[in-house]
Amino acid sequence: MIKDIFDYTKGELKAELESLGEKPYRAKQIFSWLHARSAVSFDEMTDLSKDLRARLKEKYSIGGLSVPDMQKSKLDGTRKYLFRLYDGELIEGVFMEYREWNTACISSQVGCAMGCRFCASTVDGLSRDMTAGEMVQEVYEMERSTGKKISHIVVMGSGEPLLNYDNLLRFIDIITDGDGKGVSQRNITVSTCGIVPAIERLAMEKLGREHPQINLAISLHASNDDKRKMLMPIAEKYSMAELVRASRLYYEKTHRKITFEYALVKGENDSEADARELAELLQGMPVLVNLIPVNPVTESGYSRPSREAVINFKNKLENFGINGSIRRELGSDIDGACGQLRMRHSRDARR
Ligand code: SAH
């Protein structure tokens, strides 16, 4: 079977090349063609012999992500991409110009099994995991079509990255490799709904020789277990106390400040009592609570609090000693919330 060469780490490519009777340094050449020099065909790799290029073509494909739709914001540089994968599945990614740098928000699974009540990505459930090769290509396709370099990556598109753990780590290995794109681990943020054993495993992982340096964002969205269960089915499986304990372990091992995401839903989790309870839960470790006025998704029936109520909630948190920030909204004129563009397309296709 022909395999996607984007899916190989440099180490794995070395082994592949050796099995083809080639010198291992060829792997480094090929890897940098793909990941630093933006090659999309083996013919471009002119420092390889014609014979080797022919053999590579027989054995591997090079990606194959297409862009059936893209929306460009008229308000800022945000672009929302609909990507089609080799098997026809659709996923989304977002390109954002934020501060002095460009950020890619990428998906890690096709659909999602987590069932969060406010989220459009999960409405039709999970189709499949994405490969590491597909994840890197989301970033490269955004760079290619904007002509701009991406320095920051947030794994916050559709899917639960920590339930696609091996492919996520492979993605990080590939995208941080200095012979390729060389993104700094510190510029990568992985967002999770809180898969406790996977957070603990990640904390203990050695990426290179060190504990990970990637940032963890935890989607909390509630101030206590009862409320969280109403919004997020995963709360039935892991309590918030366990989740905070796992986050603490991640902080202790990595010294990376943890971000907790909190989607403010009018009348559900935006009261002063919520702010107090949340602050008590998070006492004693350096955290940032990122407040996101919920993006109303047609199905959910949830609505966002007023701007004032959001600022009020942030101030309350700060009075209780917890740093808060309010998510800046980019691309609010395009299908902003996770999964909305894809949802529209799959609905259209079904009609
Ligand atoms: N599964 C991961 C990553 C994907 S979701 C996670 O749960 O973190 C990325 C972030 O967007 C999460 O914080 C998620 O809760 C949030 N989100 C999803 N739908 C939203 C909506 N309609 N409004 C605001 N935030 C939303």
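With θ taken as phi - 60° and the coefficients 6.51, -1.76 and 1.60, list the Karplus ³J(HN,Hα) couplings across region 315-331 in order, rounded to whole Hz; mark glycine and proline as x.
5, 4, 4, 5, 4, 8, x, 10, 5, x, 9, 10, 4, 6, 8, 10, x
Using only Cα atoms, find the angle between the long axis of helix 132-146 and the longest principal axis of the chain, and express it within 0 to 90 degrees, rounded to the nearest 10.
Approximately 90 degrees, to the nearest ten.
As an exercise, use a Förster radius of 25 Å and the Cβ-Cβ distance of N323 and E100 to find the FRET efficiency, rounded to the nearest 0.05.
The computed FRET efficiency comes out at 0.70.
Calculate, for the chain, the solvent-accessible area per residue in square angstrom, rolling a 1.4 angstrom probe over the heavy atoms of the protein chains. Present the calculation step by step, with values, prior to reporting the outcome.
On the way: 15780 Å² over 351 residues.
So the chain comes to 45 Å² accessible per residue, rounded to a whole number.
Rounding to the nearest 10 and keeping the result within 0 to 90°, find how far the Cα-based axis of helix 165-176 lies from the longest principal axis of the chain.
Tilt of helix 165-176: around 70 degrees.
Under a point spin-label approximation (7 Å from Cα along Cα-to-Cβ), what is the T46-A15 distance to one decimal in nm?
3.4
Among K14, K59, K229, determine the one that fluctuates most according to a GNM of the chain built with springs between C-alpha atoms less than 10 Å apart.
K59
What do you get when you divide the Cα radius of gyration of region 10-145 by 2.2 N^0.38 Å, with N the number of residues? Present the calculation step by step, with values, prior to reporting the outcome.
Numbers: Rg = 17.8 Å, N = 136, 2.2 N^0.38 = 14.2 Å.
Cα-based Rg divided by the globular estimate yields 1.25.
Per residue, what volume in Å³ does the convex hull of the Cα atoms of region 73-350 enclose? Before the final figure, lay out the partial values.
Numbers: hull volume 35.5 nm³, N = 278.
Each residue corresponds to 128 Å³ of Cα convex hull volume.
Restricting to Cα pairs below 8 Å that are 6+ residues apart, what does the relative contact order work out to for region 73-350? Please round to a whole percent. Intermediate values should be presented prior to the final figure.
On the way: 544 pairs, mean separation 51.8, N = 278.
Taking the mean separation of contacting Cα pairs over the length of region 73-350, I get 19 percent.
Just reorder K266, K10, K148, K80 by solvent-accessible area, largest first, 1.4 Å probe, all chains present.
Values: K266 125, K10 40, K148 85, K80 5 Å².
So the residues, ranked largest to smallest area, are K266, K148, K10, K80.
Compute the separation of the alpha-carbon centres of region 59-99 and region 22-43 and state it in Å as a whole number.
24
Got a number for carbon plus sulfur as a percent of the chain's accessible area, 1.4 Å probe? Intermediate results must be reported in sequence, preceding the final value.
Details: 7500 of 15780 Å².
That fraction is 48 percent.
Mind ranking 20-31, 149-160 by how tightly packed they are, going by the mean number of other C-beta atoms within 10 angstrom, highest first?
On the way: 20-31: 16.7, 149-160: 22.3.
Peptide ranking by packing, descending: 149-160, 20-31.
Filter the cross-link list K181/K257; K266/K316; K3/K23; K28/K57; K148/K314 down to pairs whose alpha-carbon distance in this structure exceeds 27 Å.
On the way: K181/K257 25 Å; K266/K316 16 Å; K3/K23 20 Å; K28/K57 17 Å; K148/K314 34 Å.
Among K181/K257; K266/K316; K3/K23; K28/K57; K148/K314, the Cα-Cα distance tops 27 Å for K148/K314.
At 1.4 Å probe size, with no ligands or nucleic acids counted, give the accessible surface of C105 in Å², nearest ten.
Approximately 20 Å² of C105 is accessible to the 1.4 Å probe.
Compute the FRET efficiency between A54 and S184 as 1/(1 + (r/R0)^6), taking r as their Cβ-Cβ distance and R0 = 45 Å, and round to the nearest 0.05. Present the calculation step by step, with values, prior to reporting the outcome.
On the way: r = 37 Å, r/R0 = 0.81.
So the FRET efficiency works out to roughly 0.80.
Given R₀ = 45 Å, FRET efficiency for L75-S271 by Cβ-Cβ distance, to 0.05? Each step should come with its number before you reach the end.
Working: r = 31 Å, r/R0 = 0.70.
Efficiency at R0 = 45 Å is approximately 0.90.
Please report how far the C-alpha centroid of region 233-264 lies from that of region 148-217, rounded to the nearest whole angstrom.
Region 233-264 and region 148-217 have Cα centres separated by 16 Å.
Among rounded, prolate and oblate, which fits region 3-61 when a ≥ b ≥ c are the square roots of the eigenvalues of its C-alpha gyration tensor, a/c under 1.5 means rounded, and a/b larger than b/c means prolate?
Values: a/c = 1.27, a/b = 1.07, b/c = 1.19.
The shape class here is rounded.
Can you list the residues, at least 5 places off or on another chain, whose amide H is less than 5 Å from the amide H of Y98, using H built in the peptide plane?
T103
Can you give the helix-only mean residue ellipticity at 222 nm for the chain, where every DSSP H stretch with n ≥ 4 adds -39500 (n - 2.57) and the sum goes over all residues, rounded to the nearest 500 deg cm²/dmol? Provide the component values of the computation, followed by the final result.
Details: 11 runs with 124 residues, N = 351.
The helix contribution divided over the chain gives -11000 deg cm²/dmol.
Take each of the peptides 37-44, 311-318, average the number of other beta-carbon atoms within 10 Å over its residues, and list them starting from the highest. Kindly include the intermediate steps, with their values, before the conclusion.
Numbers: 37-44: 14.0, 311-318: 17.6.
Order by mean packing, descending: 311-318, 37-44.
I'd like the orientation of helix 240-254 relative to the chain: the angle between its Cα long axis and the longest Cα principal axis, in ° from 0 to 90, rounded to 10.
The two axes meet at around 50 degrees.
Taking the Cα centre of the chain as the origin, how large is its charge dipole in debye, to the nearest 20, when only Lys and Arg (+1) and Asp and Glu (-1) carry charge on their Cβ atoms? Please list the in-between numbers first.
Numbers: 51 positive and 51 negative charges, 96 e Å.
Roughly 460 debye, rounded to the nearest 20.
List residues of region 160-192, by number, whose backbone nitrogen lies under 12 Å from a label position 7 Å along Cα→C-beta of A36.
177-183
Work out, step by step, the length gained on full extension between R144 and N312: first 0.36 nm times the residue separation, then minus their alpha carbon distance; give nm to one decimal.
Numbers: separation 168, 0.36 × 168 = 60.48 nm, distance 4.14 nm.
Here the segment from R144 to N312 would lengthen by 56.3 nm.
The values are calculated or read from the model by the stated rules, or taken from the named source; none is laboratory data. Keep in mind it's a predicted model, so treat the numbers as computed, not measured. So basically every Cβ, Gly included, is an ideal-geometry build from the backbone, and we count neighbours across all protein chains shown. Remember, those area values only see protein heavy atoms, side chains included, never the ligands or the DNA or RNA. Shrake-Rupley method; radii C 1.70, N 1.55, O 1.52, S 1.80 Å.
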